[in-house]
Amino acid sequence: MKLTDYYRKKIHYEELIATFDDMLILPGYTGFNIDDVDITSSLGNKYQFNMPIMSSAMDTVTEEEMAIKMALLGGLGVLHRNCSYEKQLEMVRKVKRARSFVIDDVATIKNDAKIAEAKLRMESDGISGLVVVDDKDRVCGIFTQRDFPYQEELLNTGDVKDYMTKKVVSITPGASRDEALQKLFENRIEKLPIIEEGKLKGLITIKDLKPEFPLASKDKEGRLLCGLALSPKVPNNMASLSILKEIDAYVDLFFIDVAEFYKKIDIDGAKELMSILESDFILGNIGTYEAAEHLLTKVDFSEQFIALKAGMGSGSICSTSIQTGVGAPTLYATAQVADAIADYNPKIGLISDGGFKNPGDLPKAISVGADMIMSGHFFAGCEESPGYVDTIQGRKVKVYRGMGSKEARVSEYILDRYIEGEGSKTLPEGVSDYVPFVGAVSGVLNSLKEGIRNGMIYAGASNISDMKKVKVGIVSNAGRIEQRPHDLLGRY
Ligand code: XMP
């Protein structure tokens with residue numbers, strides 16, 4: 001038996017429950033040009049990402065601002081579920097409207113509306129302009145940030161029709177990107193309504209046409225990809241069900257989001273949700289070969305099931321393993337689930353979730369089979385995460401809390417992420433703490449991408465699929481100490 005096989009077996013099967021700090025990727029022959037390294041990855045042969053990184057579905061990590069930025073930069077931000085379906089609908093609409101060549105679902109306002117109403121709509125929808133329509137729904141103007149009167153009192157009493165721009169430059173349906181760009185440029189405008197026989201058919205905005213974010217993760221219509229965490233419970237009333245169906249029309253990927261998915265009740269719930277909804281599903285989290293084998297062979301999921309998410313109790317804010325004695329560290333869980341996917345259905349994608357502390361942990365997850373990685377820890381301290389920047393002893397910080405923490409579980413929405421019932425009220429499975437404020441997510445992502453890219457170059461893999469075949473091994477305690485800064489005067 002080759003030494004590598006021995007080590008692989010050790011990680012996978014001998015119940016040596018190892019994780020990132022226990023293993024290393026061995027250097028490999030690099031026979032390609034380093035500029036040719038390709039870190040694009042895909043999920044379920046269906047979704048392509050220019051960067052194999054996702055932000056966690058947590059209420060201190062991903063709301064619309066983070067989701068938009070993650071998708072613009074080539075990854076995915078998964079919107080959390082610690083809120084009502086109404087709020088989830090609001091968030092997914094904002095993500096889907098953020099960047100697209102043509103906005104179908106254009107925000108309009110009647111010409112007899114007050115300016116105060118326009119202001120409220122623009123603020124709540126996070127947009128900079130509204131198309132004004134008359135009582136026959138014919139376009140009669142456009143009202144943008146620039147049209148607000150400067151006199152404070154008019155903000156409440158003024159009418160939209162007196163301040164809107166009446167001369168509307170428009171384009172007809174089917175116009176090309178170049179025609180639209182030319183018209184926007186010639187008229188020095190930023191918004192171009194698409195009008196046919198006086199009726200509004202869509203809107204093109206300059207920010208959607210300029211390739212400002214060439215790596216963005218987009219759907220077929222050019223809108224940003226949107227992922228949303230979901231309870232495995234099917235709503236028990238018509239009102240919630242109807243909002244969920246509305247959400248379904250916007251979302252690309254539903255993430256069934258529970259601490260441990262290998263449970264009959266959650267599997268049945270996910271199956272039923274798939275029969276009601278049309279978007280694709282990612283199921284998780286799981287931590288073992290057997291769980292993946294069960295989901296891949298014993299449950300008859302529809303084609304909407306495209307990926308699994310692995311890791312249990314490994315998050316930096318998790319206390320599940322301490323509280324319950326059960327867990328599956330992320331590297332172990334990823335390797336186990338990857339083996340089952342290879343054995344039973346290689347079309348299914350794999351996301352490695354939680355426990356990442358250093359950029360070098362990302363290539364390690366990919367080397368044992370992950371298509372993408374998910375982290376909350378790296379992103380909770382970013383400008384784009386929800387919450388305020390605080391200062392503690394002169395350091396800028398933000399709150400980062402586990403979805404199983406007491407603080408997060410005061411809301412009813414997240415209870416079924418864990419074991420429900422009386423126990424869940426008294427036994428928190430997560431903690432709440434501060435993390436350093438780290439500025440824009442783009443900076444954090446650059447370091448993470450560099451960690452993956454450079455790891456691939458040292459390992460001799462020019463793409464993600466080759467990276468899954470590189471040699472890995474368990475590192476001894478002495479080896480681990482040697483592989484970090486050591487024998488210095490104290491900073492480390
Ligand atoms: P990191 O290491 O990035 O992990 O902080 C984020 C992942 O942890 C999961 N998560 C939790 N797990 N208790 C848990 O056991 C919790 O309170 C909790 N909150 C989040 C989740 O999978 C996330 O992506």
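What number goes with the only condition from (1) open to solvent by 10 Å² or more (accessible area, probe 1.4 Å); (2) within 12 Å of the ligand (Cβ to nearest atom) that F356 does not pass?
(1)
With the range 367-429 as the region, which strands (runs of 3 or more DSSP E) entirely inside it contain at least 3 residues that are away from the ligand (no atom under 13 Å from the Cβ)?
390-392, 395-401
Do we have any residue at all in the range 249-258 that's surrounded by 24 or more Cβ atoms within 10 Å (Cβ to Cβ) and touching a Cys at 6+ places or on another chain (Cβ under 7 Å)?
So far as the range 249-258 goes, yes, one or more of its residues are surrounded by 24 or more Cβ atoms within 10 Å (Cβ to Cβ) and touching a Cys at 6+ places or on another chain (Cβ under 7 Å).
Exactly one condition in (1) within 16 Å of the ligand (Cβ to nearest atom); (2) on the phi > 0 side of the Ramachandran plot is not met by G74; state its number.
That leaves (1) as the condition not met.
Could you list, in sequence order, the residues of the range 317-333 that are open to solvent by 40 Å² or more (accessible area, probe 1.4 Å) and β-branched (V, I, T)?
I322, T324, V326 - these are the residues of the range 317-333 that are open to solvent by 40 Å² or more (accessible area, probe 1.4 Å) and β-branched (V, I, T).
Which one is nearest to G129 (Cα to Cα) among residues in the range 95-110 that are part of a loop (DSSP other than H, G, I, E, B) and aliphatic (A, V, I, L, M)?
A107
Yes or no: the range 451-465 includes at least one residue that is in contact (Cβ under 8 Å) with a residue 60 or more places away in the chain, part of a strand (DSSP E or B) and open to solvent by 10 Å² or more (accessible area, probe 1.4 Å).
yes
Please give the number of the condition S124 fails out of (1) more than 28 Å from G313 (Cα to Cα); (2) part of a loop (DSSP other than H, G, I, E, B); (3) open to solvent by 10 Å² or more (accessible area, probe 1.4 Å); (4) hydroxyl-bearing (S, T, Y).
(2)
If I filter the range 129-140 for residues that are part of a loop (DSSP other than H, G, I, E, B), outside the structural domain of V399 (by TED's automatic domain parsing), touching a helix residue (DSSP H, G or I) at 6+ places or on another chain (Cβ under 8 Å) and open to solvent by 40 Å² or more (accessible area, probe 1.4 Å), do I get at least one hit?
Checked the range 129-140: no residue is part of a loop (DSSP other than H, G, I, E, B), outside the structural domain of V399 (by TED's automatic domain parsing), touching a helix residue (DSSP H, G or I) at 6+ places or on another chain (Cβ under 8 Å) and open to solvent by 40 Å² or more (accessible area, probe 1.4 Å).
Within the range 327-346, can you find the residues that are more than 9 Å from the ligand (Cβ to nearest atom), hydroxyl-bearing (S, T, Y) and touching a strand residue (DSSP E or B) at 6+ places or on another chain (Cβ under 7 Å)?
Passing the criteria: only T334.
Can you tell me which residue in the range 298-316 is surrounded by the fewest Cβ atoms within 10 Å (Cβ to Cβ), limited to those that are closer than 16 Å to D252 by Cα and hydrophobic (A, V, I, L, M, F, W, C)?
Result: I306.
Just need a number here: residues in the range 300-326 that are away from the ligand (no atom under 14 Å from the Cβ) and either assigned to a loop (DSSP other than H, G, I, E, B) or under 13 Å from E429 (Cβ atoms) (or both).
Counting residues in the range 300-326 that are away from the ligand (no atom under 14 Å from the Cβ) and either assigned to a loop (DSSP other than H, G, I, E, B) or under 13 Å from E429 (Cβ atoms) (or both) gives 5.
Please state which one of A107, A67, A116 is small (G, A, S) and surrounded by 19 or more Cβ atoms within 10 Å (Cβ to Cβ).
None of the others qualify; the one that does is A67.
The values are calculated or read from the model by the stated rules, or taken from the named source; none is laboratory data. What you are looking at is a predicted structure, and each value in this text was computed from that prediction instead of being measured. Backbone-built Cβ (ideal geometry, glycine too); neighbour counts: all protein chains shown. All accessible areas refer to the heavy atoms of the entire protein, side chains included, with ligands and DNA or RNA removed. Shrake-Rupley method; radii C 1.70, N 1.55, O 1.52, S 1.80 Å.
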